[in-house]
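Q: Okay, here's the structure, questions in a sec.
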Amino acid sequence: MAASAVQLSSARRLTVKIGSALIADADTGEIRGPWLETLIEDVVRFFARGQQVLIVTSGAVAVGSYHFKQLDRSLRIEEKQAAAAIGQVRLMFAYEQSLKRHRFGMAQVLLTGADIDDQHRRLNARSALQQLLKVGAVPVINENDTTATAEICVGDNDRLAAQVAQLVNADVLVLLSNVDGLFTEDPHKNPLARLVPEVRCITPEIEAMAGHSPGRHGAGGMVTKLMAARIAMDAGFDMVIAKGNKSYPLAAIEKGGPSTRFVPLAKDSG
Ligand code: GLU
């Protein structure tokens, strides 16, 4: 069956997840402001077309870690939690400034796994997110890393984004990452690795392709993206993974740039 590109323009509601490697400069931990501007221009364009966008952003730990740069080792859990608290403020400020330039409001929403698991808290979160969209404040969501302990954390924003997309009945989840999508093998190790444009079933072969490749600051990798894809496919919405490091990353997907689309079970080629 021929692969069909996901149509972002026909989605009523989209959740877009931004990976740490996109929002934070790997060497300095600075927020990549000019890139963020182009992402927000994309988001604003979607709203202008009558679509709604929720953003799930990583990067708090990546941005805040640079306060600990004198430590020549990886951060302990409590240091990461502190880094997240520092980085989260900067992150939200950057999103707010960028959205404000387009006369959009924004709202920070911090969730933990426990919020999603508990029915009351989950429904509260859903109502609040719906209200935010109604009043035109773009929800910018992250995990509450400072309070999330091992038992209650989602741990990666790929799954958190899928859970949020499910919560608000989004039609499409876009995971913007530092890779074009799912490859048949690790493209860094094998130049002959091919991009898989479409997945309709997560078979053991697909799982084997994901391997295990967490980034420097992000918690994810292809394994958690596949977990997110399972949530999406079961819940009945499309998910797409695409490289987001260039300017206007959502427009690039709309123009047919490289990506992997995960087609939900109960959907035709659409
Ligand atoms: N919540 C983490 C942060 O803001 C990122 C988790 C992830 O990379 O998936 O730094």
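The values are calculated or read from the model by the stated rules, or taken from the named source; none is laboratory data. Owing to the predicted nature of the structure, the values given are computational and were not obtained by experimental measurement. Ideal geometry is used to build each Cβ from the backbone, glycine not excepted, and the neighbour counts take in all protein chains shown. Side chains included, ligands, DNA and RNA excluded: accessible areas come from the protein's heavy atoms. Shrake-Rupley method; radii C 1.70, N 1.55, O 1.52, S 1.80 Å.
Q: Applying the selection to the stretch 128-145, what residues are assigned to a helix (DSSP H, G or I) and either farther than 27 Å from residue 7 by Cα or touching a strand residue (DSSP E or B) at 6+ places or on another chain (Cβ under 9 Å) (or both)?
A: 128, 129, 131, 132, 133
Q: Picking from 71, 8, which residue would you name as being within 26 Å of residue 144 (Cβ to Cβ), out of contact with any Ser or Thr (no Cβ under 8 Å at 6 or more places or on another chain) and away from the ligand (no atom under 16 Å from the Cβ)?
A: None of the other options fit; the residue is 71.
Q: Could you run through the stretch 35-59 and say how many residues are under 17 Å from residue 239 (Cβ atoms) and among the small types (Gly, Ala, Ser)?
A: Qualifying residue count for the region: 1.
Q: From 65, 98, grab the single residue that is of a type in the set (S, T, N, Q), surrounded by 17 or more Cβ atoms within 10 Å (Cβ to Cβ) and more than 15 Å from the ligand (Cβ to nearest atom). Can you show your working first?
A: On the way: 65 fails: more than 15 Å from the ligand (Cβ to nearest atom).
That would be 98, the only listed residue that is of a type in the set (S, T, N, Q), surrounded by 17 or more Cβ atoms within 10 Å (Cβ to Cβ) and more than 15 Å from the ligand (Cβ to nearest atom).
Q: Considering the stretch 151-177 alone, what residues qualify as being within 11 Å of the ligand (Cβ to nearest atom) and not β-branched (Val, Ile, Thr)?
A: Matches in the stretch 151-177: 153, 155, 156, 157, 158, 159, 160, 161, 175, 177.
Q: For the stretch 14-55, how many residues are in a strand (DSSP E or B), open to solvent by 30 Å² or more (accessible area, probe 1.4 Å) and not aliphatic (A, V, I, L, M)?
A: Number of matching residues: 1.
Q: May I pose another question? Here is a list of conditions, (1) under 30 Å from residue 7 (Cβ atoms); (2) assigned to a helix (DSSP H, G or I), and residue 63 meets all of them except one; can you say which number that is?
A: (1)
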